[in-house]
Amino acid sequence: MGSYVAITGYGMVNHLGKNVQEAWSRLQPSNAHEFIEDVRPLDVTEYFEKKERKRLDSFTRYAMVASMEALTHANINSPHETKGMGVYVGAAGNGADQFLLDNHHLLLERGPKRVSPYYSSASMINSPPAEIAIKNGSHGPSGTIIAGEAGSLIAIGHGLRAIQNEGTSLIVAGGTQGDISDLTREGYERLNISQSDQRAYHPYTEDSKGPVLCAGAGSIVMESMESAERRGADILGTVMGFSMGTRLDRMEESYTATMRSALKDAGVTPKEVSIVIPQAAGIPSYDRAEEMAMDAVFQGATVPTHVFKRKTGNLMAAIGVTNTIFALQTLAFTREQKRWGNKAIAMINCFDFQGHNASLVIKLA
């Protein structure tokens, strides 16, 4: 167990809203019967000049919007503060596929001179963290984590270790998914791990199908406690522990080990956990494995769970950080309502279809 790391800001963009407040409001009980009807590209044109919109793919633009909100929320707005900042962004590996397909179509239909001069840089999987770092003049560690749905949790985990072990004091970490192309959507539906009707998503039931694929991004600002206190920052929560593993052949065993390791890293017991945000794949075999793993970790005790994916859809590599932000919001809400006593700890799980597994433990400040 290392030192805990402060969360001082967060941001997101998805079909629920262009910022955390908008998205959170769409999760309230008054909107309980809303379903994802039509997944369209997100409109973030107001944040970028025309040249930038041409130069950047949607998965980079969304990541930049989320990071801008997170840094503003953390009251970090000067080059002096961001110079040593690190940037880690999770991606599913197909974030820029619409940009690629559009340019491939131009190449075939109109010839090589019609291919965008920005094609190579825009479609690079490392574009989101690079552009965030360039925009903020950041010289700290950076990179893209390619691990499917576990990508953003692993990005947060990298940020945690960079602050704990490498002397970095400030990290922006999160994940992003660009506009979903017809090719990607069809590919996932052919594998029966996604579908176009969110009403068919009933996780932990035998007739469920996977959730709708959606675009979006999320970011959190992580700081060493010393940095946050020195700035007089509003500490929203802490990252307490993290673990990851890779195994697909024995899912229950892998999920159990990952959750137990994250709790051990956080220095907390299962009884101290207030809520779990599960993977909730919506695929019966994966859901059964997660249920059995939860039973093993929490020894049959009833722990509240909440599936935000019912509203967000599958944000791919952005789902973990989005769930992390919503978990903090949920903990704050239950504290206001005086539920759960003094318990304020959440576990977030992301267990990818390719066997990349991650668990994160956070606490409301």
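Residues in the range 156-188 that are hydrophobic (A, V, I, L, M, F, W, C), surrounded by 20 or more Cβ atoms within 10 Å (Cβ to Cβ) and part of a helix (DSSP H, G or I): ILE156, LEU160, ALA162, ILE163. Residues of the range 228-243 being under 23 Å from ALA344 (Cα atoms) and surrounded by fewer than 20 Cβ atoms within 10 Å (Cβ to Cβ), which ones? Correct list: GLU229, GLY232, ALA233, ASP234, ILE235.
The number of residues in the range 70-99 that are modelled with pLDDT of 80 or more and surrounded by 12 or more Cβ atoms within 10 Å (Cβ to Cβ) comes to 19. Is it the case, given these coordinates, that ASP197 is without any contact (Cβ under 8 Å) to a residue 12 or more places away in the chain and out of contact with any strand residue (DSSP E or B) (no Cβ under 7 Å at 6 or more places or on another chain)? Criteria not met by ASP197.
Would you call GLY143 part of a loop (DSSP other than H, G, I, E, B), outside the structural domain of ALA358 (by TED's automatic domain parsing) and within 27 Å of PHE353 (Cα to Cα)? It is false that GLY143 is part of a loop (DSSP other than H, G, I, E, B), outside the structural domain of ALA358 (by TED's automatic domain parsing) and within 27 Å of PHE353 (Cα to Cα). Taking ASP197, is it farther than 28 Å from MET347 by Cβ and crowded, with 21+ Cβ neighbours inside 10 Å? Here the answer is no, as ASP197 does not meet what is asked. LYS309 falls short on exactly one of the conditions (1) modelled with pLDDT under 95; (2) in contact with a strand residue (DSSP E or B) (Cβ under 7 Å, 6 or more places away or on another chain); (3) not acidic (Asp, Glu), and that condition is (2).
Out of all the residues in the range 142-152, is one or more over 21 Å from the mean Cα position of the chain (by Cα) and under 13 Å from VAL172 (Cα atoms)? Checked the range 142-152: no residue is over 21 Å from the mean Cα position of the chain (by Cα) and under 13 Å from VAL172 (Cα atoms). Residue by residue through the range 204-235, note down the ones that are in a loop (DSSP other than H, G, I, E, B), of a type in the set (S, T, N, Q) and at pLDDT 95 or above. Scanning the range 204-235 gives a single hit, SER224. Looking at the range 133-142 only, could you name the residues that are surrounded by 15 or more Cβ atoms within 10 Å (Cβ to Cβ) and either among the polar types (S, T, N, Q) or without any contact (Cβ under 8 Å) to a residue 40 or more places away in the chain (or both)? Within the range 133-142, ASN136, SER138, SER142 qualify.
Per-residue answers, yes or no, for (1) buried (at least 23 other Cβ atoms within 10 Å of the Cβ); (2) touching a residue at least 24 places away in the same chain (Cβ under 8 Å):
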{"residue": "ARG247", "(1), (2)": "no, yes"}
{"residue": "ARG250", "(1), (2)": "no, no"}
{"residue": "ASP265", "(1), (2)": "no, yes"}
{"residue": "ASN323", "(1), (2)": "yes, yes"}
{"residue": "GLN329", "(1), (2)": "no, yes"}
{"residue": "GLU336", "(1), (2)": "no, no"}
{"residue": "ILE348", "(1), (2)": "yes, yes"}
{"residue": "ASN357", "(1), (2)": "yes, yes"}
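For the range 1-23, the candidate set comprises residues that are part of a strand (DSSP E or B) and among the hydroxyl-bearing types (Ser, Thr, Tyr); within that set, the residue that is farthest from the chain's Cα centre (by Cα) is THR8.
The values are calculated or read from the model by the stated rules, or taken from the named source; none is laboratory data. Not measured: the values here are computed from a predicted model. Cβ coordinates were reconstructed from backbone atoms using ideal geometry, including for glycine residues, and neighbour counts include every protein chain displayed.
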